[in-house]
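The values are calculated or read from the model by the stated rules, or taken from the named source; none is laboratory data. Predicted, not measured: the structure shown is a model, and the values here were computed from it. Glycine gets a Cβ as well: all are built from the backbone with ideal geometry, and neighbour counts include every protein chain shown. Accessible surface is based on the protein model in full, side chains and every heavy atom, while ligands, DNA and RNA are left aside. Shrake-Rupley method; radii C 1.70, N 1.55, O 1.52, S 1.80 Å.
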Amino acid sequence: MSATRLPAALAPWAGALSALSPELALALGPLLRRLDQLVGTREPVTDGPGEPDGTGGIGRSGRPEQLLPAEWLLAEEHPDEFLRRFVDRELLYLAPEFRSTVARGRTVVLVDAGPSQAGAGRLVQLAALLVLHRRAAARGSELLVGVLGDRPGRWLSGEPADLLPSWLAARRPAEPTAEQVREATADLDAADRVWLLTSPRLADRLADRLPGLPPGSVPVAGGPSGTPRVLATEVARWGPAGATHVTVRLDRTELELPLPAADIAVRALRGAEFRRTGPVLVPTPADAAGPPGRALPVFTTDATVLLTRGRREGTLLATDVRQSEHKHAAVTRTKAHHLNGQLIAAGRTGRRLFALHLHRGRVLRYVSGRQVGGAAEFVVDPAFLGLDGTVAEVLASRPVLPLLCAGDDLLVPVAGRWRRIAPDGAVTDDGPVGHRAEGPHGFERYREPRLFDRTPQPDALRAPHLVHAGGTAAWSYDGRTWTVWTRLGDERRLSFRKNALVAGLIHDGREPVLITWSPDSRMVRAIRHDGVRTLSRFSGGTAPPAVHPTEPLLAAEVPPGRVVVGDATTGRIHHVIGSSD
């Protein structure tokens, strides 16, 4: 929603309110602003300046001892010019740098979806989620929403346009219990900021179990001080059309807040006032149907074409997952390519799609699109490519290998060696595959130094862990603390504590972001220098997600046979390919 369409008091909320219709945004305005004032004292957007840590740049304000030496020289040689610059605030100072010691945890919100919160309570929850999401984003953190009664560790996340419909659909027939609150917070990090949105009944029950605490405070694990904040809501006043005001209690503060009018409130609770552009559903072509199986998604080239295996051995599915620049989403289709025998490698280059397939003891080339020069077809002995029976069997259960164009030749990594195939089918050895690129889930092109379009740093070549994308390289000696040298020549340090594998590297504007996958929890996360975002909609797969080499795109197969594709920086889903039925 544009800020120009909102009243001046709500203009700063334009980003968060873009998930709602203009009518609902205006109706929620009074409730939103009062809740923001109430929450603001407990959920600050910024922390203190921290401890001094030297100087970090040049500014136009500061104390006299911070003036640059050149400015003192100017004062001695040209005092009048020095005074003019002082008056006009043109003098240059060394800007102090501060190191924050405050842990930047996530904002975790536990919501009561029971019968007592239906109606008015859910409207307050809607406004509270918008308030907390905006404050989490301002701190560079993320918002996780858990529904009491769900399995612990199951979180809703993402932008409001994706988050709110999932929250609204989460309705439970029974009231939550204090034990469910304890289970939901048991495994949270110490730095997480935890909120509970519920009824006074549960809030009082939690306080009664631990006497001496003020109502609205429950000392369970999860918050920075071990005490989540409880926002308790109940109806205060009724009108002819329903509830008109609610009482909201936070700690010892109690406020009476107005609710939107009945007609817009009912439409909001039915989801009719959410402005959500849902993911494009891309069905699998009927001629590629069959028993459910693993699609094994992969981006093999820089094209925005996702390649997946069909349900038959020789079927290759290609889906263009680029984002439309028009107002309405473009129609997206999956094209099925049927090859004889076993599919080995494939790649989209320009207007052509190349593939290699093994059929009756021969490797054949397949071309879709513009015709190529030279022989229309060629036959290669599998032994020249290192394709014996064992290798072929392993490749059948992995994503298709990349098939890259090098002039008129094709390059493919097989069995630890790069093979160059000339237009007439002649095969030559083109050097070893980088030892880091042969992973347990197949060839990992983002770890192959050969495919990095710049000369890697010497430290990067020596480190046991290396990933690259779009001119940026990241390396690590322990797998958890990474040095990143960006395409613009900047250096960053990224780190994470969880036992995770790095699945790729993307860019959010100028900032590099590591994409990780945890084998134990199967969670996908985006690691930035200023925080961590859990990409829950890409999580749960039995293999790491596919990361695009140049675009912030992720593709994950959750469950087998169903692939979701979306934005790796926001977690928003753009496409859903196939079906789990």
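Summed over segment 497-532, residues that are of a type outside the set (S, T, N, Q) and farther than 21 Å from Asp567 by Cα total 4.
In the set (1) within 31 Å of the chain's Cα centre (by Cα); (2) farther than 23 Å from Ala543 by Cβ; (3) surrounded by 19 or more Cβ atoms within 10 Å (Cβ to Cβ), Thr349 fails one condition alone, (3). From the residues in segment 154-170 that are touching a helix residue (DSSP H, G or I) at 6+ places or on another chain (Cβ under 9 Å) and either part of a loop (DSSP other than H, G, I, E, B) or of a type in the set (Phe, Trp, Tyr) (or both), which one is most open to solvent (accessible area, probe 1.4 Å)? So the residue we want is Arg154. Residues that are open to solvent by 40 Å² or more (accessible area, probe 1.4 Å) and part of a helix (DSSP H, G or I) within segment 534-556 comprise just one, Arg537. Within segment 407-426, the set of residues being in a strand (DSSP E or B) and open to solvent by less than 50 Å² (accessible area, probe 1.4 Å) comprises Asp409, Leu410, Leu411, Val412, Pro413, Val414, Trp418, Arg419, Ile421. Looking only at segment 391-406, which residues are in contact (Cβ under 8 Å) with a residue 24 or more places away in the chain and assigned to a helix (DSSP H, G or I)? Across segment 391-406, the qualifying residues are Val391, Ala392, Leu395.
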